[in-house]
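Quick notes on the structure that follows.
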Amino acid sequence: MILRSSNVRRGLTLLEVIIALLIFLPSVVAILVLVQIGTDRATEVRMQTRTSMRCQAKLAEWMIGSPEVPINGAPTFQNFTDNEQDSDLQWRMEAEPRDEQQMLWTVKVWVQGKLSGGRVVESYLCQLALNPKNRGTTFDPPVLSAASAAPAGSSSTDPATPATPAATTPAAPAATIPAAPAKTVTPAVPMPVVPAAPAKKGG
């Protein structure tokens, strides 16, 4: 015989459902906040990468002597006009010579961009570089000096000045070394042949 209890529960009460929702909803809100923070960080890293790459590119333009970049830099921020994708970025540059001959310069470049929330992401780069006007490139035509361009034996490149012949020094006579006398060989003298004495016979 099987006995059945009359106190079997058939479902959850309203109080239990409310308590479960109070525990679950804060965790959902925390998860959404973490997702938003991760999205913002990814956007910031992407902006930082863009500003760093454009910062290096702008420094390279100065080093090769690009006409779009002045030799003394740009003191105020300007928008990029060479690429529509980077039109939201701005750059500025400072360049100062380190010596009196203006061969070595200190170049500083800033590139910044604004995020959707109003936060500014900026990249900065400072480097010593040679003056592109004095350094030259492999595409420059060769420049011949006055000494190499003048013809042989002339001391001036002015066509009105007559060429002075080069002074020639007579060559010294070569020293002669007398030859050693040849050695004479004395012929060998033949030795006289002495006949042998006859042997004596015994008596």
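The values are calculated or read from the model by the stated rules, or taken from the named source; none is laboratory data. Small disclaimer: the values here were computed from a predicted structure and weren't measured. Cβ: placed from backbone, ideal geometry, glycine included. Neighbour counts: every protein chain shown.
For this structure, a couple of remarks:
- Of the residues screened, VAL28 is not one that is outside any strand (DSSP E or B) and modelled with pLDDT under 90.
- Per-region count, segment 113-128, residues in contact with a Phe, Trp or Tyr (Cβ under 7 Å, 6 or more places away or on another chain) and under 12 Å from LYS58 (Cβ atoms): 1
- Test: residue in segment 32-54 that is surrounded by fewer than 15 Cβ atoms within 10 Å (Cβ to Cβ), more than 22 Å from LYS133 (Cβ to Cβ), touching a Leu at 6+ places or on another chain (Cβ under 9 Å) and of a type in the set (A, V, I, L, M): no
- Taken together, the residues in segment 106-164 that are at pLDDT below 65, closer than 30 Å to GLU94 by Cβ and surrounded by 10 or more Cβ atoms within 10 Å (Cβ to Cβ) amount to 1.
- Among residues of segment 63-88, those that are loosely packed, with under 13 Cβ neighbours inside 10 Å, of a type in the set (D, E, K, R) and in contact with a helix residue (DSSP H, G or I) (Cβ under 8 Å, 6 or more places away or on another chain), counted: 1
- Scanning segment 39-57 turns up no residue that is outside any helix (DSSP H, G or I) and β-branched (Val, Ile, Thr).
- Against the conditions (1) under 26 Å from ASP40 (Cα atoms); (2) out of contact with any helix residue (DSSP H, G or I) (no Cβ under 8 Å at 6 or more places or on another chain); (3) among the aromatic types (Phe, Trp, Tyr), TRP91 satisfies every one except (2).
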